[in-house]
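The values are calculated or read from the model by the stated rules, or taken from the named source; none is laboratory data. Here the structure is a predicted model, which is why all the values come from computation and not from measurement. With ideal geometry, Cβ positions are generated from the backbone for all residues, glycine too; neighbour counts draw on all protein chains shown.
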């Protein structure tokens, strides 16, 4: 089932890489910007969402929170 997903970033390089990835994979998206971030609305199915997640995992450093001693 197709539905809208969203993603936000503050990084211009990541914005450009994600735009290129979505275009190459013919995934429909809308991009808007505010002074502090770029907002993607991405229309795809579950398989497309998994592809996008895998792409983001390959190009991003994720923080899972602060660990205490």
Odd one out for residue 2, checked against (1) touching a residue at least 24 places away in the same chain (Cβ under 8 Å); (2) surrounded by 12 or more Cβ atoms within 10 Å (Cβ to Cβ): (2)
Restricting segment 16-27 to residues that are in contact (Cβ under 8 Å) with a residue 24 or more places away in the chain and in a helix (DSSP H, G or I), the residue that is farthest from residue 58 (Cα to Cα): 22
Among the candidates 41, 30, 8, residue that is in a strand (DSSP E or B), at pLDDT below 95 and surrounded by 10 or more Cβ atoms within 10 Å (Cβ to Cβ): 8
Per-region count, segment 14-38, residues more than 16 Å from residue 51 (Cβ to Cβ) and more than 12 Å from the chain's Cα centre (by Cα): 6
